[in-house]
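Scroll down for the structure; my scribbles are underneath it.
The values are calculated or read from the model by the stated rules, or taken from the named source; none is laboratory data. Predicted, not measured: the structure shown is a model, and the values here were computed from it. Cβ placement follows ideal geometry from the backbone for every residue including glycine, while neighbour counts extend to all protein chains displayed. SASA here: full protein model, heavy atoms, side chains in, ligands and nucleic acids out. Shrake-Rupley method; radii C 1.70, N 1.55, O 1.52, S 1.80 Å.
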Amino acid sequence: VCIEGLATLCGQPKGELYEIHLRERLATLLYAADTELWEENSPKRHILETLIRNSGSSVKEHLDSLIVVLARQSSADDASALARIDILGLIHFLVCNEDEELQTSLKLHSKSLLQDVLIPNCIWKAGGSNNKIRKGGMVCIHALLERSLVVPADLKESYGDLLPILKSCLDDSFSPDNRMIAA
């Protein structure tokens with residue numbers, strides 16, 4: 001109700017008002033976020049998720065910088081398990097979004113999304129949370145492929161990194177869900 005009132009006062013549709021807000025907030029939030037790791041209790045990850053989940057197709061303008069930040073914040077080397085799971089959930093939300101403009105833009109960025117964010121999070125590591133992270137990454141890759149968001153040339157280029165992950169998932173007797181997704 002407040003946003004509708006503000007949009008009326010500004011003389012703009014609610015969606016345009018949000019896009020203005022998104023541009024400003026996202027630009028501020030993403031500035032240097034590719035060089036720093038947000039701490040576990042940092043509100044930045046939650047702000048990012050709120051902005052993205054409410055942005056609709058306007059997030060497409062920010063995918064270049066957003067994917068770099070998603071890669072940093074879900075780094076398999078030093079990001080927390082909870083942060084990595086949150087980022088993978090956000091990626092799944094973006095991939096499954098029905099907006100055609102966003103899907104077209106994701107298709108253009110699928111190579112970096114696949115190689116810089118998803119594949120590193122699908123590499124096998126021991127531990128319960130790592131199994132969940134691996135499953136989340138595999139679900140995102142499956143959604144990318146199912147929605148035909150990966151250009152064949154990009155998939156071919158990533159195949160050498162992806163095939164060992166798929167093979168190891170097929171051998172994973174402790175996680176039948178991962179085996180099913182890999183198949």
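Computed quantities for the displayed model
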{"read-out": "Euclidean distance between Cα centres, the range 18-42 to the range 84-110, Å", "value": "17 Å"}
{"read-out": "Formal net charge of residues neighbouring residue 177 (Cβ-Cβ distance under 12 Å; K, R +1; D, E -1)", "value": "+3"}
{"read-out": "Heavy-atom accessible surface of the chain: percent carbon and sulfur, 1.4 Å", "value": "57 percent"}
{"read-out": "Calculated FRET efficiency for the pair residue 1/residue 183, C-beta based, R₀ 45 Å, to 0.05", "value": "0.40"}
{"read-out": "Those GluC sites (Glu not before Pro) in the range 46-121 that DSSP places in a loop and that have at most 14 other beta carbons within 10 Å", "value": "98"}
{"read-out": "Karplus-derived HN-Hα couplings along the range 39-49 (A = 6.51, B = -1.76, C = 1.60, θ = phi - 60°), whole Hz, x at Gly and Pro", "value": "5, 4, 9, 6, x, 4, 5, 6, 5, 4, 4"}
{"read-out": "Along principal axes, Cα extents of the chain, largest first, whole Å", "value": "60, 36, 28"}
{"read-out": "In Å², nearest 10: area of residue 19 left accessible to a 1.4 Å probe", "value": "60 Å²"}
{"read-out": "Residue of 137, 160, 11 that the Gaussian network model of the chain assigns the largest fluctuation, springs spanning Cα pairs under 10 Å", "value": "11"}
